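Dropping the structure in here first, questions after.
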Amino acid sequence: MIALFLSESSLYHPWVQRLGWTLLHFLWQGTAIAVAYAMLRGLLARSLSAPQRYVLACVALAAMATAPMLTFLLLPKDANAPIGSWTISASESKQLMPAVVAIWLVGVLAFSIRLFGAWRFTARLRTLSHPAPGEWQQRLGEIAVRVGTGRAARLLISSLVDVPTVVGWLRPVILTPVEFLTGMPAEQITALLAHELAHIRRLDYLGSILQSVVEAVLFYHPAVWWISEQVRAERELCCDDLAVAAGGDVLTYARALAALEAHRPSRLNPVLTANGGSLLNRIRRLILLSKGEPSHQRVDNLPGPACAWAMILLWIAGIGVATTHAAQAPTPPLPPPPVASLPSTAPLAAIPAVALATHARKTLLYDPFLSPQLAQPVARWRAWLDEDVAYIVSGEERNAFAQLTTDDERAQFIERFWLRRDPTPDTVQNEFKEEHYRRIAYANEHFASRIPGWKTDRGRVYITLGPPDEIEASARPSPVENWRYRHVAGVGNDVSIAFTDPSGIGEFRMAADQLNADQLRNRAASPELLPMVVQVDYMRSAGSSTMANITVQFENHKSLVNLVGRITTLTRNPVATFEKQIAIDKDLHQSSAYQQSVPLAAGRYRVSMIATDPVGGKVGNFELVLDVPQFDEDKLSLSSLILADPIEKLPAKDVAVGSSFAIGDSKVRPRVGSSFTPEEKMGIYLQIYNFMAVGNAPKPSGSIEYEIDKAGSSEKILAFSEEVATIPNASPSQVTVEKLLSLRTLAPGTYTLRVVVTDRTANQTVQREGNFTVSSQ
């Protein structure tokens, strides 16, 4: 673009002259707007509220954005035509304008690249974050109601932020540091989250984007940066007022601001000050509010000496530009001189380097999309390496990460780091990552003393090895905890780790070096995972509830498995829990499995399961959403279609005690994955509800059609049907289909089984289908 602009044919184009004069006229226009704003704000300071002062600052910034556009439109297209008392420049100024415009284009390009980089970094933050605990997500919804936020927001935990930060406009999220939800009192956390929700309610993220665009285009004028700072300062005060109104306790919020600053690592600049306004002034203002005194902010944020002098100089230069421009007389057009005849340097007054240098340092450190605490990405990535994954990263990975030079490379490295440890890489969920951050949160909450919990010896062992199988605690003569693990991969069986607290202040230290740092690191860097697959089938239960049969299968596992499951609402409210020790099914050779039946009301739920191998030390995690259907009482409906192992009738004694995989008086073990061999028979299980009854007829009138097609095509392989009345124990309220289908005639491949049920009396038809695979082995 710049090369095209510098071509000889375009250097002296009329629009270049008009744009150059527009940029120079903004020298005095921007200063005039800033002076007018400062005078109005000084006169009305004590009568304006924070939202009114915010509007005033936004109007001033909008005026600065509008002034150059109006100037460009008012200047004539003809480079030598007069406009009022003004005429466009003579030959000397015609040679100057291309240089002015070129400098401006270079600056805009640099700031645009910076904006794009900030946007890319912001997008990465979502993928490098993980959901906050469910109770805090629910609490965030309650706070949003009080703040009046009509938009849904997610609460995420990120190691790349030090204070709560809002990201996004259409789908806003609130990012919090790893220790934020465990290192502060709940009422202070609530107050700070209310402040972030106030930003979402006011659409401040969108305002920040527009504000950043103005700064990028008019980067060369210090008045733009000063007015922009006022917008940010007043924005924070507006959100402070909304947070206080939602929480009602001014002093709690003031303490929260002070505590947030105290938790901020000292390696960064003051976050709250750089984020808009002075932290001390904000706290002082809140204290005045708590005493019932006027809360109007004093006018103590006038331009600093450097900014003020820069604006004075630009005012003088701008007045000179306007005077020169008005005094010039029309001159005959001159042929464009060759590029070599251009002056080597432009007059200093016409080059906006002074204004740019005044704010260069601050500008380069400012992130327009996020709070300025994100302006030091290298330190942020280092925090991820030395804190988040300090105990699980291998030496080779640490060295490779140290060689990276760009934020994109680091973000991609982190994505690959977690993907290598993901037990189910074909799903969105990364169970290993979520379990790791759960352990960090647990360590910070339960093992912290004078140092964060994750840094303690107990925290290091817990994060690396997980919860112990047994804990023996003693308080005499000094507190002692003995953690016992039945097996630690790479170390051995019956591993005991003793922690002592000789000072009695809660700082437990590893008493003996049974596990050194290298052993722990090797154990964590090469985690042994326990793959598991899950299938959920739904059937009608008593009353209006639905029975969810959750089948968990561990492929090719030859040992005991301890399974703990938890069913919650989508907002993490507990609904049901289950726990089971699973042994290998002696009648099967390929896998061990377990089924848990839970009655649930229709709706959406989340089931989370953690499986551990007490002998081999493997760990597996699985989480999925349950869409529990509603079975209508007056409408023909079907249960899930279960493709199972051979269906067997259970002895009466097993039916009474509730045998595993029992449905009624039958044993129906779902074939998770639906893969069969030609020598096997595939079990088909289906329940049909609500045939229309005709008088006192004991049997319903209807048919069931079975059709097997080649998956993905309409090629029909097999089809047969039967009358509902011929099925044993069929009744209008429920018909149970139990069939065994021979697969000998099917060639290896994937097929679709479609079951179509017709109620002739009610003239209703419903169907279910499922895929299965016939393998050669």
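The values are calculated or read from the model by the stated rules, or taken from the named source; none is laboratory data. On a predicted model such as this, the values are computed, not experimentally measured, just so you know. With ideal geometry, Cβ positions are generated from the backbone for all residues, glycine too; neighbour counts draw on all protein chains shown. For accessibility, only protein heavy atoms count, side chains too; no ligands or nucleic acids. Shrake-Rupley method; radii C 1.70, N 1.55, O 1.52, S 1.80 Å.
So which strands (runs of 3 or more DSSP E) stay within the range 627-734 end to end and still have 2 or more residues that are open to solvent by 60 Å² or more (accessible area, probe 1.4 Å)? Walk me through how you get there before you give the answer.
Numbers: elements: 642-644, 681-689, 702-710, 716-723.
Hits in the range 627-734: 702-710, 716-723.
Now, a different point. Please go through the range 220-258 and give me each residue that is hydrophobic (A, V, I, L, M, F, W, C) and closer than 30 Å to L105 by Cβ, ordered by number.
Across the range 220-258, the qualifying residues are A223, V224, W225, W226, I227, V231.
For the range 755-767, enumerate the residues that are closer than 14 Å to E707 by Cβ and either touching a residue at least 60 places away in the same chain (Cβ under 8 Å) or open to solvent by 60 Å² or more (accessible area, probe 1.4 Å) (or both). It would help to see each step written out before you state the result.
If we filter the range 755-767 for residues that are closer than 14 Å to E707 by Cβ, which is where we start, we get 755-758, 765, 767.
Once the filter is applied, which keeps residues that are closer than 14 Å to E707 by Cβ and either touching a residue at least 60 places away in the same chain (Cβ under 8 Å) or open to solvent by 60 Å² or more (accessible area, probe 1.4 Å) (or both), the range 755-767 yields V755, V757, T765, Q767.
Just checking, how many residues over the range 246-260 are surrounded by fewer than 22 Cβ atoms within 10 Å (Cβ to Cβ), touching a helix residue (DSSP H, G or I) at 6+ places or on another chain (Cβ under 7 Å) and of a type outside the set (A, V, I, L, M)?
Matching residues across the range 246-260 total 2.
Is it the case that the range 768-776 has a residue that's out of contact with any His (no Cβ under 8 Å at 6 or more places or on another chain) and without any contact (Cβ under 8 Å) to a residue 60 or more places away in the chain?
No, the range 768-776 contains no residue that is out of contact with any His (no Cβ under 8 Å at 6 or more places or on another chain) and without any contact (Cβ under 8 Å) to a residue 60 or more places away in the chain.
Right, here's the next one. Sort out which residues of the range 157-179 are in contact with a Lys or Arg (Cβ under 6 Å, 6 or more places away or on another chain) and in a strand (DSSP E or B), and write them in order of number.
V173, the sole residue that qualifies.
Could you give every pair whose Cβ atoms fall below 8 Å, whose first residue belongs to the range 739-754 and is at negative phi and part of a loop (DSSP other than H, G, I, E, B), and whose second residue is open to solvent by less than 10 Å² (accessible area, probe 1.4 Å) and not aliphatic (A, V, I, L, M), counting only separations of at least 6 or pairs across chains?
Correct list of pairs: L743/F676.
Next question, about the same structure. Assess whether L96 counts as being closer than 30 Å to R285 by Cβ and modelled with pLDDT under 85.
Considered against the rule, which asks whether it is closer than 30 Å to R285 by Cβ and modelled with pLDDT under 85, L96 comes out as no.
What are the residue pairs meeting all of these: first residue in the range 679-690, first residue acidic (D, E) and modelled with pLDDT under 95, second residue assigned to a strand (DSSP E or B) and open to solvent by 10 Å² or more (accessible area, probe 1.4 Å), Cβ atoms under 9 Å, and 6 or more apart or on different chains?
Going by the 9 Å Cβ cut-off, the qualifying pairs are E680/S742.
Residues that are within 24 Å of F121 (Cβ to Cβ) and either of a type outside the set (A, V, I, L, M) or touching a residue at least 40 places away in the same chain (Cβ under 8 Å) (or both): does the range 439-447 have at least one? Steps first, answer last, please.
First, the residues of the range 439-447 that are within 24 Å of F121 (Cβ to Cβ): 440.
Remaining after also requiring either of a type outside the set (A, V, I, L, M) or touching a residue at least 40 places away in the same chain (Cβ under 8 Å) (or both): 440.
Looking for residues that are within 24 Å of F121 (Cβ to Cβ) and either of a type outside the set (A, V, I, L, M) or touching a residue at least 40 places away in the same chain (Cβ under 8 Å) (or both), one finds at least one in the range 439-447, hence yes.
Oh, and also: So, V694, is that one at pLDDT 90 or above and at negative phi or not? Working first, answer last.
Details: at pLDDT 90 or above: no; at negative phi: yes.
So V694 fails the test.
Further, regarding this structure: Would you be able to say whether some residue in the range 471-481 is touching a strand residue (DSSP E or B) at 6+ places or on another chain (Cβ under 7 Å), of a type in the set (A, V, I, L, M) and under 21 Å from D386 (Cβ atoms)?
no
Could you check how many residues of the range 126-153 are without any contact (Cβ under 8 Å) to a residue 60 or more places away in the chain, within 14 Å of the chain's Cα centre (by Cα) and exposed (fewer than 15 other Cβ atoms within 10 Å of the Cβ)?
1
Among the residues of the range 182-238 satisfying the criterion of being open to solvent by 30 Å² or more (accessible area, probe 1.4 Å) and hydroxyl-bearing (S, T, Y), which is nearest to I451 (Cα to Cα)?
Only one residue tops the list, namely T182.
Which pairs do you get when a residue that is aliphatic (A, V, I, L, M), found in the range 627-650, comes within reach of a residue that is crowded, with 20+ Cβ neighbours inside 10 Å and in a loop (DSSP other than H, G, I, E, B), reach meaning Cβ atoms under 7 angstrom, with the pair 6+ apart or on two chains?
Short answer, once both residue conditions are applied: L636/N690; L636/F691; I642/V668; L643/R671; A644/V668; A644/R669; A644/R671; I647/V668.
Just give me the residues in the range 29-49 being open to solvent by less than 70 Å² (accessible area, probe 1.4 Å) and either in contact with a helix residue (DSSP H, G or I) (Cβ under 6 Å, 6 or more places away or on another chain) or at pLDDT below 80 (or both), in sequence order.
Those that are open to solvent by less than 70 Å² (accessible area, probe 1.4 Å) and either in contact with a helix residue (DSSP H, G or I) (Cβ under 6 Å, 6 or more places away or on another chain) or at pLDDT below 80 (or both): Q29, G30, T31, I33, A34, Y37, A45.
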